[in-house]
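Take a look at the structure below.
The values are calculated or read from the model by the stated rules, or taken from the named source; none is laboratory data. What you are looking at is a predicted structure, and each value in this text was computed from that prediction instead of being measured. Positions of Cβ are backbone-derived with ideal geometry, glycine not excepted, and every protein chain shown enters the neighbour counts. Side chains included, ligands, DNA and RNA excluded: accessible areas come from the protein's heavy atoms. Shrake-Rupley method; radii C 1.70, N 1.55, O 1.52, S 1.80 Å.
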Amino acid sequence: MKDLLRTADLSAADFKLLLDLSDELKQEPLKHYGLLAGKTVVLYFAKHSTRTRLSFETAVARLGGVPSTVGSNELQVGRGETLEDTAKVVSRYAEVFVIRTFADDDVQLVAEAASIPVINALTDGHHPCQSIADIMTLRQHWGTFEGKKLAYVGHSNNVAHSLVEACALSGIDITIASPEDYQFDPSIIANAKAIAAENGGSITVTTDPMEAVKGAHAVYTDAWISMGDAEAKWSLQVSALTPYRVTQEMMSHAAPDAIFMHCLPAHRGDEVATEVIDGPQSVVFDQAENRPHTSSALLYANRTTASKAVHETGARRGPVVVISCTL
Ligand code: CP
Ligand code: NVA
């Protein structure tokens with residue numbers, strides 16, 4: 001596999017390898033400095049970003065490379081050049097193409113046209129990079145996934161899709177609660193359930209936020225409206241999602257040592273009460289802190305396997321992740 005377009009692209013073993021690599025790089029961020037010496041990683045952002053952009057820029061710097069960050073309006077794409085032609089050109093310059101845009105189909109097109117690995121840095125449907133940092137954070141706080149339960153409460157969006165897939169790969173029991181009109185895409189749930197069955201986890205879907213949170217060891221939520229969502233939907237979504245706001249009262253139904261998670265940016269008073277996100281149960285800045293380490297792990301795994309593939313097969317580029325790379 002060349003690209004990372006969604007979390008479920010990874011095998012359970014590769015996902016665990018990325019977690020282990022991320023932990024190791026958190027201990028020693030410059031361990032692989034020089035791996036990208038003289039190399040460029042292109043970061044293309046058609047939507048805003050703080051964490052993903054800065055994490056990848058930090059990760060590339062920690063590997064000794066140069067991040068080249070561009071907005072869609074800065075490239076000729078903004079004047080009508082196709083994404084496919086852009087991907088072919090970027091492939092002649094850079095080692096990896098990291099892309100944040102709207103349609104998942106556009107990232108698929110880029111991946112098909114590019115000869116270098118393409119990493120989805122968030123689309124309307126998925127946010128795989130976030131999900132690796134989320135599970136890394138859970139592992140650090142929980143120590144084990146055995147007997148633990150995660151509740152996702154709120155909008156069935158890109159972050160939630162990738163979180164469900166990451167839980168399925170990690171064997172974590174997750175219950176997701178969304179309003180009737182904002183249920184998860186059934187195909188994502190069916191696919192995640194099949195993956196979970198192989199890894200000892202479970203996925204439960206409900207419309208009742210209290211049922212989801214009851215006894216949970218972590219409670220996760222995200223924005224009620226995502227980048228690219230029609231602003232016109234805002235008032236409708238707010239009224240449907242208000243019962244799903246994570247309040248202190250809701251947290252009191254979770255396990256006493258439950259943590260609160262959010263990918264950020266957050267909207268205090270909407271999807272989460274200020275006292276929860278700024279309270280002692282919140283680990284949102286641990287999640288953000290883990291983003292550069294997971295970005296380094298993705299780039300490291302890619303480069304080491306790329307070299308191996310070039311050496312062994314003569315291929316120009318290798319896969320994003322393989323099971324055995326030298327730590
Ligand atoms: N969580 C996350 O992806 O944040 P940014 O939108 O700031 O990158
Ligand atoms: N669901 C949010 C996540 C931002 C990191 C969005 O897509 O805007």
Problem - Assigned charges on the beta-carbon of Lys, Arg, Asp, Glu; the stretch 140-204 dipole about Cα centre (debye) - result: 180 debye
Practice task
Determine the equivalent ellipsoid of the chain by diagonalising the alpha-carbon gyration tensor, then write out the semi-axes as square roots of 5 times the eigenvalues, largest first, rounded to whole Å.
Solution key: 32, 22, 18
Handout entry: Dimensionless Rg ratio for the stretch 24-71, taking C-alpha atoms and the 2.2 N^0.38 Å reference
Key = 1.18
Problem - Label point at Leu30 placed 7 Å out along Cα→Cβ; residues across the stretch 64-81 whose backbone nitrogen lies under 17 Å - result: 64-66
Exercise for the section: DSSP loop (so not H, G, I, E, B), at most 11 other Cβ within 10 Å: list which GluC sites (Glu not before Pro) in the stretch 138-228 pass both filters. Expected result: Glu146
Practice task
Rank these by accessible area, largest first, 1.4 Å probe: Arg291, Arg245, Arg53.
Solution key: Arg53, Arg245, Arg291
Fill in the blank from the handout: Note: His48 to Ala12 extended length (0.36 nm per residue) minus current alpha-carbon separation gives 9.9 nm
Problem - Linear extension gain, Glu81 paired with Ala194, 0.36 nm per residue minus alpha-carbon span - result: 36.7 nm
Problem - Sequence-distant residues sharing a close amide H with Ile259 (under 5 Å, placed H) - result: Ala218, Val219
Problem - Distance between the stretch 84-136 and the stretch 149-221 - C-alpha centres, whole angstrom - result: 24 Å
Exercise for the section: Name the long-range amide H neighbours of Gly71: under 5 Å, sequence gap of 5 or more, or other chain; modelled H, no Pro or chain starts. Expected result: Phe45
Fill in the blank from the handout: In this structure, the FRET efficiency calculated for Val238 and Glu74 from their beta-carbon separation, with R0 = 35 Å, to the nearest 0.05, is 0.55
Exercise for the section: Treat every Asp and Glu Cβ in the chain as -1 and every Lys and Arg Cβ as +1, leave all other atoms uncharged, and give the resulting dipole magnitude about the Cα centre to the nearest 20 debye. Expected result: 1060 debye
Exercise for the section: In whole Å, largest first, what are the principal axis extents of the Cα atoms in the stretch 1-101? Expected result: 43, 30, 26
Handout entry: Two-decimal log10 I(q)/I(0) for the stretch 45-116, as the Debye equation yields it once each C-alpha is a single scatterer, q = 0.11, 0.22, 0.26 Å⁻¹
Key = -0.27, -1.08, -1.37
Handout entry: Cubic angstrom per residue, convex hull over Cα atoms of the stretch 209-273
Key = 80 Å³
Completion exercise
Checked against the positive end of the charge dipole of the chain (+1 on Cβ of Lys and Arg, -1 on Cβ of Asp and Glu, about the Cα centre), the farthest of Thr52, Ala194, Pro209 is Thr52
Fill in the blank from the handout: Given pairs Lys39/Lys88; Lys148/Lys193; Lys193/Lys233 and cut-off 23 Å on Cα-Cα distance, the over-length ones are Lys193/Lys233
Completion exercise
Restricting to Cα pairs under 8 Å and 6 or more apart, the percent relative contact order of the chain works out to 20 percent
Exercise for the section: For the stretch 20-143, report the accessible area per residue in Å² (1.4 Å probe, heavy atoms, rounded to an integer). Expected result: 42 Å²
Practice task
On the protein heavy atoms, probe 1.4 angstrom, tell me the percent of accessible surface of the stretch 50-159 carried by carbon and sulfur.
Solution key: 46 percent
